[in-house]
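*Asks:* Quick one: this structure, given as structure tokens, is what I'll be asking you about.
The values are calculated or read from the model by the stated rules, or taken from the named source; none is laboratory data. Here the structure is a predicted model, which means the values were calculated and not measured. Quick reminder, even Gly has a Cβ in these numbers, built from the backbone with ideal geometry, and neighbours come from all protein chains shown.
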Amino acid sequence: MKNFISARDISNIEAMVQKAIGYKADPFKDKALGINKRIGLLFLNPSMRTRLSTQIAANNLGMDAIVFNIDKDGWKLEFEEGAIMSGNTIEHVKDAAPILGSYFDILCIRTFPSLVNKHEDYSELFINQFIKYAGIPIVSLESATLHPLQSFTDIITIEETFKELRKPKIVLTWAPHIKPIPQCVGNSFAEWINAWGKADFVITHPEDYELDTKFTDGATIEYDQEKALEGADFVYVKNWSSYADYGKVLCNDSSWMLTTEHLAKTNNARVMHCLPVRRNVELSDEVLDSASSIVNLQATNRVWAAQAVLAEILHSVN
Amino acid sequence: MKNFISARDISNIEAMVQKAIGYKADPFKDKALGINKRIGLLFLNPSMRTRLSTQIAANNLGMDAIVFNIDKDGWKLEFEEGAIMSGNTIEHVKDAAPILGSYFDILCIRTFPSLVNKHEDYSELFINQFIKYAGIPIVSLESATLHPLQSFTDIITIEETFKELRKPKIVLTWAPHIKPIPQCVGNSFAEWINAWGKADFVITHPEDYELDTKFTDGATIEYDQEKALEGADFVYVKNWSSYADYGKVLCNDSSWMLTTEHLAKTNNARVMHCLPVRRNVELSDEVLDSASSIVNLQATNRVWAAQAVLAEILHSVN
Amino acid sequence: MKNFISARDISNIEAMVQKAIGYKADPFKDKALGINKRIGLLFLNPSMRTRLSTQIAANNLGMDAIVFNIDKDGWKLEFEEGAIMSGNTIEHVKDAAPILGSYFDILCIRTFPSLVNKHEDYSELFINQFIKYAGIPIVSLESATLHPLQSFTDIITIEETFKELRKPKIVLTWAPHIKPIPQCVGNSFAEWINAWGKADFVITHPEDYELDTKFTDGATIEYDQEKALEGADFVYVKNWSSYADYGKVLCNDSSWMLTTEHLAKTNNARVMHCLPVRRNVELSDEVLDSASSIVNLQATNRVWAAQAVLAEILHSVN
């Protein structure tokens, strides 16, 4: 594995899940793998779980990890080719990336979408510029349209908790929020569940909240949330802003908030969310504080997902 | 020791002082103790000495230390149970704490009081929510009402510098400041000196600046600063805002600023302050730059205090 | 070597260049040198290359490195002796520096000039206060008037790329910028090239942009950029604000921006810049993206320059 940007970078998801579960059982077994290797964690946006879990995963593998909040501790980056830099950007990615590529063995990057320029966001301009110019493996810590470490974690968590022989029914349901949120987690969850291929997969959301079909193709789209939830084994709750009317909030209907009433229709579904969650806006306290919630397990598994990915890349670097 | 929040968490202060002094003599003697243990340092507020000394103490014990400025690098936390999170808080401590508890072996937290809501501050809502939900040992790096690592350091420093057989006279004196300051250091110093029990302890401040009696009971309160300072062996200088008229600045009287004239009444007292200090507002340059000042020694000892506490917790974790 | 603030702290530049080149060939050969040594990296201003390269250099030498953004994570410092601290500064360097000196074995500091108070800037008040009060070796990560790690790197890079027996012609040329920039890099490059003594050294800039002669004495000053560039082997491009009319921007003439037309007059000159660079303001894309540019090599060499300096100081500390 060279870069880790989307599900397409993984040839065998099942093998990677087993690798992650192996690290969960024995976190320090590969502590020699990363000796004298250095990983840079570059943040253009805030992060808690992703930041900490990746740092911990790197340490577990014996690597030096250096965190750098580039916009706060360094300089605001320019991404446009040919820009006349007389504005508020101070350094071009063409100059920053090769240097970071010389300082580190692996570079991890978090960068959010603008939610204004759909073409730029969906071309993944920022992270692709790093891939183009850094010359070393790039790991996405969430980019403009995808959040692959989250989705990989989600599949680990599903495999860990679902022990029946049949396929689980997994429902991704849109939830309300107070402001425009990227489509990354929704896109990415759809992409990974489809690539994994071991579920009956339904996506439910208000009309005009369709995600990009390049990620959702293969899933059933159902506008009736109640109907979608019937018999679900897992319910993944997440808000996103409109893809069609890009970045807009089109619906505030609080009946989409997942409550215990909604869960009654499911097959004792386990409830998932990537966190942070707006309690009593996206999901009710009652659900989050119940035994149905596996959001903490998801977050805990972030370490093992990151560790499996970094180890795989280290093998290809060494 | 499970948590380190106040003097009550220490069963034997004297033994802990000796442990700290042992680390001062040989900082790296327990470097194997923390192998494969990880400590998180979580800041909701600024810090210099506490941050650096705790990080160094952790490193001296062989632990991985990860610093996280949660409000800047991550998300603004909600602490109220049942909150409908449609405002500016993004993540509930109920969701953040268990995850941090899974990522780390020990979690250190700095969180200041509001100085607005006395009940909330004095119930130590923030740090208690972490204790309730993190499931791992919590170390206070200063909380709403107490600063235990500072007070433990202060006692180490007093023991290190006072070699007479009699009890020292220790005076905690209020000093002016330009803005409302928490009561933490005053409360905590009173609590620890009382728990330590080896001093004649006097607290002096303007009327209406009484600290919470739950910490000060056992000390003599004296409104006349001059009288209080007579024969003092140690003078601890610190501003705090009013506890009764909560968070208010009731006095600006610069005659309370500690100068060499004040020291003339003492028994060649050593002068202490937790730092940072507003020079020529709380304490005169003349005093701070004199041999009477042991503020640097206090700050230096922060490392050994933190190291003793972390080692004690590691023993209970292992 | 005790401190590293300017070229004058190096007795033998050539030997230091060889030391750095040795680390480039074998980064981890001295990993035992810094065991149980701790380095503090203190930032009063932003930094990318300097921050990361010094952290990496310290790790390569086996040291614990702790980064501290003092103004953001800690307190705003006061530098004036005798200040009555009733304003917005919270801690005096007299109190902070000795403590940092007790926490670390080496202290690295980045602090920019005010560009307002020339006397204060050129007395290097901030970094000299740290030298005075910290009591441990101080390494400049760029100070008010100099940037020695950059200039040392520049000489390493020149030696690495120029293999002819004759002296190279090196031209430092002023370039336009959109805002007032410190004189540090220009001053420092002049100081180091003069101290190195192995070049024909020409400085070109608009009139009234003279740098402090204490650094430039020995170089030829030439106001005609075209004439200056004739036959150059290296062209170092950099903006600075006026030293005479302190901190002012006196010229916006875009013809000073280095383009391929300018390079035509040189001896296939290699083009240098300390980065970050304002593309198409200071230097054209065409030049930066050409084989003439060695700006990435300069930035890469920052690690080895820092490593040579830290190693030299560690030898003197041990």
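*Asks:* Would you confirm whether any residue within the stretch A:140-155 is assigned to a loop (DSSP other than H, G, I, E, B), within 14 Å of another protein chain (Cβ to nearest Cβ) and either under 24 Å from A:Leu44 (Cα atoms) or not basic (Lys, Arg) (or both)?
*Replies:* yes
*Asks:* Then there's this: Of the residues C:Pro182, C:Pro176, which single one is over 13 Å from the mean Cα position of the chain (by Cα), in the same structural domain as C:Ala219 (by TED's automatic domain parsing) and touching a residue at least 40 places away in the same chain (Cβ under 8 Å)? Walk me through it before giving the result.
*Replies:* Numbers: C:Pro182 fails: over 13 Å from the mean Cα position of the chain (by Cα).
When all the criteria are applied, what remains is C:Pro176.
*Asks:* Next up: Which of (1) within 14 Å of chain C (Cβ to nearest Cβ); (2) within 20 Å of the chain's Cα centre (by Cα) is the odd one out, the single condition A:Ala97 does not satisfy?
*Replies:* Unmet condition: (2).
*Asks:* Can you spot a residue in the stretch A:108-129 that is among the small types (Gly, Ala, Ser), farther than 20 Å from C:Ala299 by Cα, surrounded by fewer than 23 Cβ atoms within 10 Å (Cβ to Cβ) and under 18 Å from the mean Cα position of the chain (by Cα)?
*Replies:* So far as the stretch A:108-129 goes, yes, one or more of its residues are among the small types (Gly, Ala, Ser), farther than 20 Å from C:Ala299 by Cα, surrounded by fewer than 23 Cβ atoms within 10 Å (Cβ to Cβ) and under 18 Å from the mean Cα position of the chain (by Cα).
*Asks:* For the stretch C:156-177, name all the residues that are surrounded by 21 or more Cβ atoms within 10 Å (Cβ to Cβ) and part of a helix (DSSP H, G or I).
*Replies:* If the condition is that a residue be surrounded by 21 or more Cβ atoms within 10 Å (Cβ to Cβ) and part of a helix (DSSP H, G or I), then C:Ile156, C:Thr157, C:Ile158 are the ones that fit.
*Asks:* So, one more: Mind checking which helices (runs of 4 or more DSSP H) fall wholly inside the stretch C:215-318 and carry at least 2 residues that are loosely packed, with under 14 Cβ neighbours inside 10 Å?
*Replies:* Because the criterion is at least 2 residues that are loosely packed, with under 14 Cβ neighbours inside 10 Å, the helices (runs of 4 or more DSSP H) in the stretch C:215-318 that meet it are C:225-229, C:260-264, C:295-317.
*Asks:* For the stretch B:41-64, what are the residues that are closer than 24 Å to B:Pro27 by Cβ and either more than 9 Å from every other protein chain (Cβ to nearest Cβ) or β-branched (Val, Ile, Thr) (or both)?
*Replies:* Passing the criteria: B:Leu41, B:Thr50, B:Thr54, B:Ile56, B:Ala57, B:Ala58, B:Leu61, B:Gly62, B:Met63.
*Asks:* Moving to a separate point now. Sort out which residues of the stretch B:84-107 are surrounded by 22 or more Cβ atoms within 10 Å (Cβ to Cβ) and of a type in the set (Lys, Arg), and write them in order of number.
*Replies:* Residues satisfying the conditions do not exist here.
*Asks:* While we're on this one: Any idea which of C:Leu275, C:Leu283, C:Leu288, C:Leu297 is out of contact with any strand residue (DSSP E or B) (no Cβ under 8 Å at 6 or more places or on another chain) and either of a type in the set (D, E, K, R) or within 14 Å of chain A (Cβ to nearest Cβ) (or both)?
*Replies:* Only one candidate qualifies: C:Leu297.
*Asks:* In the stretch B:24-40, how many are touching a helix residue (DSSP H, G or I) at 6+ places or on another chain (Cβ under 7 Å), within 17 Å of A:Leu52 (Cα to Cα) and facing another protein chain (nearest Cβ under 7 Å)?
*Replies:* Result for the stretch B:24-40: 1.
*Asks:* When you check B:Asn239 against the structure, is it in contact with a His (Cβ under 7 Å, 6 or more places away or on another chain) and of a type outside the set (Val, Ile, Thr), yes or no?
*Replies:* Yes, satisfied.
*Asks:* Out of everything in the stretch C:58-83 that is assigned to a strand (DSSP E or B) and among the hydrophobic types (A, V, I, L, M, F, W, C), what residue ends up being farthest from A:Phe68 (Cα to Cα)?
*Replies:* Looking at residues that are assigned to a strand (DSSP E or B) and among the hydrophobic types (A, V, I, L, M, F, W, C), I get C:Leu77.
*Asks:* Are there any pairs with C-beta distances below 7 angstrom linking a residue in the stretch B:28-41 that is over 19 Å from C:Gly34 (Cβ atoms) to a residue that is aromatic (Phe, Trp, Tyr) and surrounded by 18 or more Cβ atoms within 10 Å (Cβ to Cβ), with the two at least 6 apart or on different chains, and if so which?
*Replies:* B:Arg38/B:Phe104; B:Ile39/B:Phe104; B:Gly40/B:Phe68; B:Gly40/B:Tyr103; B:Gly40/B:Phe104; B:Leu41/B:Phe68
*Asks:* Related question: Just the residues that are over 24 Å from C:Gln298 (Cβ atoms) and either facing another protein chain (nearest Cβ under 7 Å) or not charged (D, E, K, R) (or both), please, taken from the stretch A:70-94.
*Replies:* A:Gly87, A:Asn88
*Asks:* Can I ask one more? Of the residues C:Ser102, C:Ser53, C:Ser86, which is assigned to a loop (DSSP other than H, G, I, E, B) and of a type in the set (Ser, Thr, Tyr)?
*Replies:* Numbers: C:Ser102 fails: assigned to a loop (DSSP other than H, G, I, E, B); C:Ser53 fails: assigned to a loop (DSSP other than H, G, I, E, B).
Exactly one residue qualifies, and that residue is C:Ser86.
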